[in-house]
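The values are calculated or read from the model by the stated rules, or taken from the named source; none is laboratory data. A quick note: this is a predicted structure, and the numbers were derived from the prediction, not measured. Please note: Cβ atoms are built from the backbone with ideal geometry, for glycine as well, and neighbour counts cover all protein chains shown. Areas reflect the complete protein model, heavy atoms only, side chains present, ligands, DNA and RNA absent. Shrake-Rupley method; radii C 1.70, N 1.55, O 1.52, S 1.80 Å.
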Amino acid sequence: VVYWDSPGSVTGEKEGRELRQKNRRFGESLLVVEAGATVSFPNDDPIFHNVFSLSKAKSFDLGYYPQGQTRKVKFPKPGLVDVFCHLHPNMSASILVVPNRVY
């Protein structure tokens with residue numbers, strides 16, 4: 001991913017980004033969002049998932065939730081956020097939070 005490494009007046013869409021869970025995997029292996037964006041994590045599987053990250057840029061744990069539910073996380077600062085599921089060790093994705101929408 002190539003991006004403009006300078007915060008500033010360049011802003012973009014900070015809502016509506018999502019990382020879906022389907023077939024015991026994340027819908028994308030890499031999601032790029034602007035700092036300040038909120039990402040939804042909808043569960044489209046007929047089983048529970050627990051999405052979490054221990055990354056320095058943003059750590060979180062969304063708890064266990066069933067099909068049809070979603071959780072949201074705001075990513076306030078740039079950095080790489082690795083995302084996993086406690087219940088399914090094969091599930092992983094990364095969210096690259098960039099300073100602005102130029103990428």
- Message: Filter the range 20-62 down to the residues that are touching a Phe, Trp or Tyr at 6+ places or on another chain (Cβ under 9 Å), farther than 12 Å from F84 by Cα and of a type outside the set (V, I, T) and list them by number.
- Response: R20, E34, A35, G36, A37, N43, F48, A57, K58
- Task: Report, by residue number, each residue of the range 1-39 that is at pLDDT below 80, surrounded by 13 or more Cβ atoms within 10 Å (Cβ to Cβ) and closer than 23 Å to Q69 by Cβ.
- Result: K14
- Under 6 Å by Cβ, and 6 or more places apart or on different chains, what pairs join a residue from the range 21-48 that is touching a residue at least 60 places away in the same chain (Cβ under 8 Å) and in a loop (DSSP other than H, G, I, E, B) with one that is buried (at least 17 other Cβ atoms within 10 Å of the Cβ) and β-branched (V, I, T)? A35/V97
- Task: Would you mention how many residues in the range 53-74 are more than 20 Å from P89 (Cβ to Cβ) and either of a type in the set (A, V, I, L, M) or assigned to a strand (DSSP E or B) (or both)?
- Result: 5
- Task: Return a yes/no flag: does the range 57-79 have any residue that is among the basic types (K, R) and either farther than 26 Å from V2 by Cβ or in contact (Cβ under 8 Å) with a residue 60 or more places away in the chain (or both).
- Result: yes
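I'd like to verify a number: residues in the range 58-76 that are under 13 Å from the mean Cα position of the chain (by Cα) and open to solvent by 20 Å² or more (accessible area, probe 1.4 Å), how many? Give the steps one after another, and end with the answer.
So the first thing to find is which residues in the range 58-76 are under 13 Å from the mean Cα position of the chain (by Cα), and the list is 58-62, 70-76.
Imposing the further condition that a residue be open to solvent by 20 Å² or more (accessible area, probe 1.4 Å) reduces the set to 58-62, 70-72, 74, 76.
The number of residues fulfilling the criteria is 10.
Select from the range 86-95 the residues that are open to solvent by less than 30 Å² (accessible area, probe 1.4 Å) and closer than 13 Å to S29 by Cα and write down the one among them that is farthest from the chain's Cα centre (by Cα). If you could, list the steps in order and put the result at the bottom.
Taking the range 86-95 as the starting set, the residues that turn out to be open to solvent by less than 30 Å² (accessible area, probe 1.4 Å) are 88, 91, 93-95.
Now narrow it down to the ones that are closer than 13 Å to S29 by Cα: 91, 93-95.
Working: M91: 13, A93: 8, S94: 7, I95: 5 Å.
Per the criteria, the residue is M91.
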